[in-house]
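Below is one structure, written out as structure tokens, with a few remarks after it.
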Amino acid sequence: MSVDEDVIEAAVLQIFADRQVPVGGHLSLEVLRAEWPQTQLRRADLAQAVRGLVFDGELELDEESEGPVLILTPRGHQRLRGGLKKEEPPRGMLATLLSPWKPAPAPAAPAAASLRHTPTPEPGFGRRKTDLF
């Protein structure tokens, strides 16, 4: 069963909220791993959520300290409070991307210009040497 990315990311941010981590505060990856089973989500979901949150700038990963820690950014805090949603393309752009491609209409040509001109064949054109006429 596949769980929506927003759900698993929200579960990670909820652990930050339960621990009352402030903006700029950190939570060790070990603590996050220890509390993850309470979410009843897979361990692979935790890795996916952390990657997504770091990629979106809602968490920062600091590997310089004693062990890897995740730092809550202002953007992550805003999403935690419900003021930030995943960015979606504007509806006009989305409609343009999803609509089938239609070629631009050709300019209308005058009726006389639309007739094909076929040149008169040269004498002997299309005949074989063995034809009598």
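A short reminder: the numbers here are calculations on the coordinates, not readings from a lab. Computed from a predicted model, the values in this text were never measured in an experiment. All Cβ positions, glycine included, derive from the backbone under ideal geometry; neighbour counts span all protein chains shown.
Could you please give the count of residues in the stretch 63-83 that are farther than 14 Å from Ala17 by Cα, over 23 Å from the mean Cα position of the chain (by Cα) and exposed (fewer than 14 other Cβ atoms within 10 Å of the Cβ)? Qualifying residue count for the region: 5. When Gln40, Gln48, Gln20 are screened for being more than 26 Å from Ser2 (Cα to Cα), of a type in the set (S, T, N, Q) and out of contact with any Leu (no Cβ under 8 Å at 6 or more places or on another chain), only Gln20 passes.
Within the stretch 1-39, the set of residues being part of a helix (DSSP H, G or I), among the hydrophobic types (A, V, I, L, M, F, W, C) and under 28 Å from the mean Cα position of the chain (by Cα) comprises Val7, Ile8, Ala10, Ala11, Val12, Leu13, Ile15, Phe16, Ala17, Leu29, Leu32, Trp36.
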